[in-house]
Amino acid sequence: METTLSDILQDIRSIYYYAPLAIKVAIIFIIVAVSATVLAYLVMLRSRYRNYRQQRRMARMLPKIDELLMNEIIANPNIPHDVAPSKVALDLEPFDELPLHKRWGREMLTERIIHYRNNVSGTAGDLLRNLYLQLDLDKDAMRKLKSRHWNKKVEALNEFTLMDMPIADVTILPLANSRNRELRAAARQAYIKLSKNEPFKFFDSVTDPLLPWDQVELYRIITTTTDIAIPNFARWITYSSNKSVVSFCMKLVVHYNQLAAVPAIIKLLENRDHTLRAEAIEALGRLKIAEVEDRLVHLYTSQPLFCQIAILKALGRIRSGRHIDFLRNEFLHSTDFDLRKAAARAIVKNEIMAREVIDELLATTTGENLLILKHCMNPLIKY
Amino acid sequence: MGKILLVEDDEVMPKIIARILPPPEYEVDIAVNGKEAIQKLEANHYQYDLVITDIMMPYANGFEILSKVKSHEREKPIPVIIVSNAGNEDMIMEGFKLGVDDFLKKPIIPAELVIRVKRLLMRNK
Amino acid sequence: MIGIIFENFVFVYGLAMLLIYALLALMSNIGVRLFKKRSPYTDYSLLLDSPLTPGISVIAPAYNEGVTIISNVRSLLTLNYTRFEVIIINDGSTDDTLQKLIDEFEMVEVDFAYNERIITRPVRKFFKSTNTAYDKLLVIDKVNGKSKADASNAGINAAAFDYFLCTDVDCILEKDTLSRMIHPFLNEYQNKTKEVGDPCPECGYVHIVEDSTRVIASGATLRIANSSEVDEGVMVRVRPPSRFLPRFQEMEYIRAYVLGKMGWSMINAVPNVSGGLGLFDKEIAIKAGGYDHQSFAEDMDIVTRMCGYMLDNNLKYAIRYIPTTQCWTEGPPNMKIFSRQRTRWGRGLAEIITIHRHLLFNPRYKQLGLVVLPYNLLFEFLAPIIEALGLISIIWLALTGQINWPYARILLLFVYLYSVMITTLALCWDQLTYPYYKTTREVFGLTLMAFLEPFIYHPLIVFFALRGYWFFLIGKKTSWGNMQRQGFAPKKPN
């Protein structure tokens, strides 16, 4: 056996030695291909085995974890009602049956606690957080935060944000200036949620754009954090040179109905950026600022199409009924389909005041315009 | 005694609700998706005192179940509570258009849910 | 002499092809790993209640789908997303598709303001539901246009939102498809805004040209649904197809998406977003002229034209792929349908290359002109031809006794093992993305196909592709007049 194998190797060697270049390359690549294929199989097997092991652990652990969380936290009659939930000394003994000395055991419990906190809040949510702290589950995330890998750091920040864990500003601020975009975004979110002083400070300094996804995440964090001091967003709407910050702040102004910031938004109507102007118009419409209507109508003719549509929509939202003639005129005489549709929709939204105009239009218009009007009046059609 | 149908595709929520609405005072029947919910409603001839439903689920969403429950003819329509993690303005409006009695957003405060359930059950007594 | 040139050409060509595959494998691995790094902290459910969530119109044409239409529409209506609508285009079905929809979803005809920005065959009626629970559904009844493209265009015209997802009514979508596929649009890191431009003489404002990369389309992996358990449009248990032909296709799909498209996505040179599942920026799609209803590869055609439009207007764009499987589609179960599909694809490819030949090797068209189209010409279009020629020449050489058999065997073994490696790597990346299939046996049952493919499946594909090219050549003579295209939409100054 041994001799034959070495014979074969000898053969290959001699073939390789005398072969032209192309064949040499081919032989090398045969070896590469075989090893890569074998490696791929091993990787697949390993990943499947890990998955299988994880599944099995979950099947075994999760019922226990659920049982414990229910009995000790969610529906525990022994928890005193007169003590603040974060101060309650929990009975940790039952949790000894979980393999918390292993990292996967702690990770699984942490994940489950976060899952529970996505479902319950109030006292139960605070108690869950309390448990997380008393079992020292935050130590793992603390370690992850010091990891070399940016994604581990993001995971840690994410966990702290979800668990409402205070972190020192000195720890977060360097991360908020990290060169990695995603780490930066996560650090900002953590900062807003967890910083005790001036959570919105980074709005002053951020130079790169807040991507739409960053905004979705920030919006969620800001609007669901209850004990946050909401500043006057006019500050950034007026002074920030970062367009995405300005536009994001306008969305927050709408959410908090912050009328103090309205003058700053009105100023934006002179801004030379179309997108910002359109967003300012939209925000004013959503805030139902009836005083700007004349201004908007006056601006109308000089605007590009999508700002015009924004103006028509805003008039529909404000619903003062003072510019129905203007809307009627736009509806009848505009050449653009979208403008006519937006005008018709605005008229319909002004329904109470525009009853006569609508009746008149229904009786006199024909063809496509009539179709647009009927479309907008039909309660079955939402958009 | 209140018989409650809970429609929810997440596994944790039913466990919590079963705990905070314990027997014998409550009997919680669990459906894990829209199809099962409709099957259960029909199999039990809509004999429930309350329906708690999520919105986004496979087969049929919460609005469909809501509209089925509300359009079913009974002297007193079954009260419905929506408990969902999706709850923007549009969805809340849609829910109320369809006649939902309460709209709770996840994460819920368990005690609050209990009070709302009690109130709705009382009202229909 | 000619023989030597051909030999050298084939050698260089083959080497280049192998190199490209190796690069794709590397790049897709980077993409998959990045995706995996992100997944623990990316919470797609944020989009479910945010007022900042962009709206999406789901467009699905239906032609004689009466048997399954109800459960399939129901499945689309229960996608996990907040701001979306489902537009079903009944493309002149001759069965009861429309009536079934009307009955099941309590629909009535409505007056609908329809803006025909892309010309299609006439639309007849619009239906909306009287039940608020189905208010996301819009059904369009349209005269049959003999193509999916025409029906999709009608859907685009009626779409209310800025993005549209194009799919087939019989595709099984994962519930989180919309959130996952819109994510690349929202998270494009190359999004930088720079203000450039002079005040406009008409309005006095500076028209800001955004110097940011705009994601114009995104796609995800498709798989074959043939042996999976599907219950009323909901995927219950994923299985690789049990029969050989569909199983080969599953392997091929995974290789094409997880390795191919994912790899191209890393250098922003995605050639095609599948017609079975693709999310598009509506504005750009309309400006590029929508789907071409005469094309045999309308999905690749629209992507090429959208890219062309962006480049013509000096706008930066990106097409992004995500590695997870979001859609299961029924693959051709038998040779007859399979041959028809592949012949059509071959013909479509030939058509794309000829229609867009002015972009080929044109440096003005950057990745599109220098990477995407040349790759498709040289390695997708020419490969079957060269393979066939190579086979003929080998047979001729063998018959005339000019082959050095030991060397030929080594070369063949090399090519074979290399192809096995590439396919296995693709399947490996796929398993790393998510452990599809419950048992390891199923996974290895699929990897087995990598070893059989060069003998069974690959020759079939080559043959059908050549048949497609042949039909293209013949068809060209008969319908030259119909081949006139509208081309790119007229340029706009801003």
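A short reminder: the numbers here are calculations on the coordinates, not readings from a lab. Quick caveat: nothing in here was measured; it's all calculated off a predicted structure. Note that each Cβ is placed from the backbone with ideal geometry, even for glycine, and that neighbours are counted across all protein chains shown.
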Revision key, fill the gap. Given Cβ charges of +1 for Lys and Arg and -1 for Asp and Glu, the option among B:Pro22, A:Leu39, A:Leu211 whose Cα lies farthest towards the positive end of the dipole of the protein assembly as shown is A:Leu39
Revision key, fill the gap. Under the rule rounded for a/c under 1.5, else prolate if a/b exceeds b/c, else oblate, using alpha carbon gyration tensor axes a ≥ b ≥ c, region B:2-124 is classed as rounded
**Study point:** For region C:53-170, share of DSSP beta bridges that run antiparallel, in % to the nearest 5
**Key:** 35
Review point. Which one of B:Asn44, B:Leu121, B:Val7 has its Cα pushed farthest toward the positive end of the charge dipole of region B:2-124, where Lys and Arg give +1 and Asp and Glu give -1 at the Cβ?
Key: B:Leu121
Exercise for review: Using a 10 Å cut-off on Cβ atoms, rank the peptides A:349-360, A:276-287 from the highest mean neighbour count down.
Suggested key: A:276-287, A:349-360
Practice item. Would you kindly derive the ³J(HN,Hα) couplings of region A:173-186 from the backbone phi angles with the Karplus curve 6.51 cos²θ - 1.76 cosθ + 1.60 (θ = phi - 60°), listing them in order in whole Hz, with x for Gly and Pro? Key: 4, x, 5, 5, 10, 4, 7, 7, 4, 6, 5, 4, 4, 5
Practice item. Summarise the partner chain shielding of B:91-98 as one whole number: the mean count of Cβ atoms from other chains within 10 Å of each residue's Cβ. Key: 3
Review point. Which pairs in the list A:Lys251/C:Lys128; C:Lys36/C:Lys316; B:Lys106/C:Lys37; A:Lys374/B:Lys40; C:Lys37/C:Lys287 are over 29 Å apart, alpha-carbon to alpha-carbon?
Key: A:Lys251/C:Lys128; A:Lys374/B:Lys40; C:Lys37/C:Lys287
Check your understanding: Which angle from 0 to 90°, rounded to the nearest 10, does the C-alpha axis of helix A:21-68 make with the longest principal axis of chain A?
Key -> 70
Review point. What net charge is computed for the residues neighbouring A:Glu182, neighbours being all others with C-beta under 10 Å from the C-beta of A:Glu182, Lys and Arg scored +1, Asp and Glu -1?
Key: +4
Check your understanding: For peptide A:263-274, how many partner chain Cβ atoms fall within 10 Å of a residue's Cβ, on average?
Key -> 2
Study note, to complete from the structure: In whole percents, the bins of 5 Å from zero upward hold the Cα-Cα pairs of region C:229-360 as 2, 9, 16, 20, 20, 16, 10, 5, 2, 0
Revision key, fill the gap. Per the C-alpha gyration tensor (a ≥ b ≥ c, the square roots of its eigenvalues), region C:53-170 is rounded if a/c is under 1.5, else prolate if a/b beats b/c, else oblate; here it's rounded
Review point. Where Rh is the Kirkwood radius over the Cα pairs of chain C, the temperature 37 °C and the viscosity 0.692 mPa s, what D in µm²/s does Stokes-Einstein return?
Key: 136
Practice item. Take the alpha carbon atoms of the protein assembly as shown, find their radius of gyration, then divide it by 2.2 N^0.38 Å using N residues; give the quotient. Key: 1.02
Check your understanding: Looking at the square roots a ≥ b ≥ c of the eigenvalues of the Cα gyration tensor of region A:140-215, which shape do they give, rounded for a/c under 1.5, prolate if a/b is larger than b/c, or oblate?
Key -> oblate
Practice item. Considering the options C:Ile87, C:Ile386, C:His183, tell which one lies farthest towards the positive end of the dipole of chain C, charges being +1 on Lys and Arg and -1 on Asp and Glu at the Cβ, about the Cα centre. Key: C:Ile386
Exercise for review: For region B:2-124, give the magnitude of the charge dipole about the Cα centre (Cβ charges: +1 Lys/Arg, -1 Asp/Glu; no others), in debye to the nearest 20.
Suggested key: 340
Point to revise | Normalised contact order of chain A, rounded percent, pairs of Cα under 8 Å and 6 or more residues apart | key: 6
Practice item. Provide the percentage of antiparallel DSSP beta bridges, counting only those with both residues in the protein assembly as shown; round to the nearest 5. Key: 35
Check your understanding: When ranked by the protection proxy of mean other Cβ atoms within 10 Å per residue, highest first, what sequence do the peptides A:31-40, C:386-395 form?
Key -> A:31-40, C:386-395
Practice item. Could you work out how far helix A:274-286 tilts from the main Cα principal axis of chain A, as a 0 to 90 degree angle to the nearest 10? Key: 70
**Study point:** Charge dipole magnitude, Cβ of K and R +1, D and E -1 - the protein assembly as shown, Cα centre, debye nearest 20
**Key:** 2000
Check your understanding: Ordered by packing density, taken as the mean number of other Cβ atoms within 10 Å over each peptide's residues, highest first, how do A:371-380, A:82-91, C:454-463, C:220-229 rank?
Key -> C:220-229, A:371-380, C:454-463, A:82-91
Check your understanding: In degrees between 0 and 90, to the nearest 10, how far off the longest principal axis of chain A does helix A:337-349 point, with axes built from Cα atoms?
Key -> 70
**Study point:** Cβ-placed point charges (K, R +1; D, E -1), dipole of region C:53-170 about Cα centre in debye, nearest 20
**Key:** 280
Review point. Across the residues of C:224-235, average count of Cβ atoms on other protein chains within 10 Å?
Key: 1
Exercise for review: Search the structure for amide H atoms under 5 Å from the amide H of C:Val58, placed 1.01 Å from N in the peptide plane, and list their residues when 5 or more places away or on another chain.
Suggested key: C:Glu85, C:Val86, C:Ile87, C:Leu165
Review point. Taking each full run of DSSP H in chain C as one helix, which ones are at least 30 Å long along their axis (Cα atoms) and have mean Kyte-Doolittle hydropathy of at least -0.5?
Key: C:2-38, C:405-433, C:457-478
